[in-house]
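Read through the structure below, which is laid out as structure tokens, and then see the notes.
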Amino acid sequence: MIAKIASGVAEQLLAHAASEVPREACGLLLGRREPLSIDSAVPARNVATHPETSFEIDPSTLLSQHRAARGEGLEIIGHYHSHPDASPEPSRRDAARASENGQLWLIIAGGAVHGWRAVANGRVQGRFTPVALEAG
């Protein structure tokens, strides 16, 4: 599977992740499901109890962005978070939190953005399949 990512979005995610070290950065991805495209990213405050090893998107950002996306003819197609000192693959914790709903998960690690989709019986952690990101 391929997802188009709008110009500048990957750079925005890398900058956000770098600014949050040693905490995990997180935020929402707005775009379209068909064809799969990421039009923008909205940074969110990480409200997790242990933000150095986990992420939880601020609920107020989630609610406000659902409304804003509808107003722009977009939808929340997934989210992103960083793994400051870890693998670019989804963790067991990520898999435990992921629904099999096809949501896009971007993980920023090792100076790059990696794409994943939450599905049933995925190859990684039994929950994720890789997604190639293509500038568009």
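Tabulated data
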{"read-out": "Unique residue being small (Gly, Ala, Ser), free of Cβ contacts under 8 Å to residues at least 24 places away in the same chain and outside any helix (DSSP H, G or I) when the list is GLY31, GLY73, GLY27", "value": "GLY73"}
{"read-out": "Residue identified as surrounded by 15 or more Cβ atoms within 10 Å (Cβ to Cβ) and closer than 21 Å to ARG23 by Cβ among ALA109, ALA118, ALA86", "value": "ALA109"}
{"read-out": "Residue within region 108-122 that is under 21 Å from GLU24 (Cβ atoms), part of a loop (DSSP other than H, G, I, E, B), without any contact (Cβ under 8 Å) to a residue 40 or more places away in the chain and touching a helix residue (DSSP H, G or I) at 6+ places or on another chain (Cβ under 6 Å) present", "value": "no"}
{"read-out": "Scan of region 40-91 for residues that are of a type in the set (Val, Ile, Thr), farther than 24 Å from GLY136 by Cα and within 16 Å of the chain's Cα centre (by Cα), ordered by number", "value": "VAL47, THR53, ILE57, THR61"}
{"read-out": "Qualifying positions in region 106-116 - under 11 Å from the mean Cα position of the chain (by Cα) and closer than 19 Å to GLU52 by Cβ", "value": "ILE107, ILE108"}
{"read-out": "Members of region 89-102 that are surrounded by fewer than 14 Cβ atoms within 10 Å (Cβ to Cβ) and at pLDDT 90 or above", "value": "ARG92, ARG93, ALA96"}
{"read-out": "Those residues of region 82-92 which are more than 25 Å from GLU34 (Cα to Cα) and assigned to a loop (DSSP other than H, G, I, E, B), in sequence order", "value": "HIS83, PRO84, ASP85, ALA86, SER87, PRO88, SER91"}
{"read-out": "Single unsatisfied condition, ASP58 versus (1) over 14 Å from TRP105 (Cβ atoms); (2) touching a residue at least 60 places away in the same chain (Cβ under 8 Å)", "value": "(2)"}
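A quick yes/no check of all residues on (1) in a helix (DSSP H, G or I); (2) touching a strand residue (DSSP E or B) at 6+ places or on another chain (Cβ under 9 Å); (3) not polar (S, T, N, Q):
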{"position": "ILE38", "(1), (2), (3)": "no, yes, yes"}
{"position": "THR49", "(1), (2), (3)": "no, no, no"}
{"position": "THR61", "(1), (2), (3)": "yes, yes, no"}
{"position": "ALA69", "(1), (2), (3)": "yes, yes, yes"}
{"position": "ILE77", "(1), (2), (3)": "no, yes, yes"}
{"position": "TYR80", "(1), (2), (3)": "no, yes, yes"}
{"position": "ASP94", "(1), (2), (3)": "yes, yes, yes"}
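The values are calculated or read from the model by the stated rules, or taken from the named source; none is laboratory data. Worth saying up front: this structure is predicted, and the values here are computed from it rather than measured. Ideal geometry is used to build each Cβ from the backbone, glycine not excepted, and the neighbour counts take in all protein chains shown.
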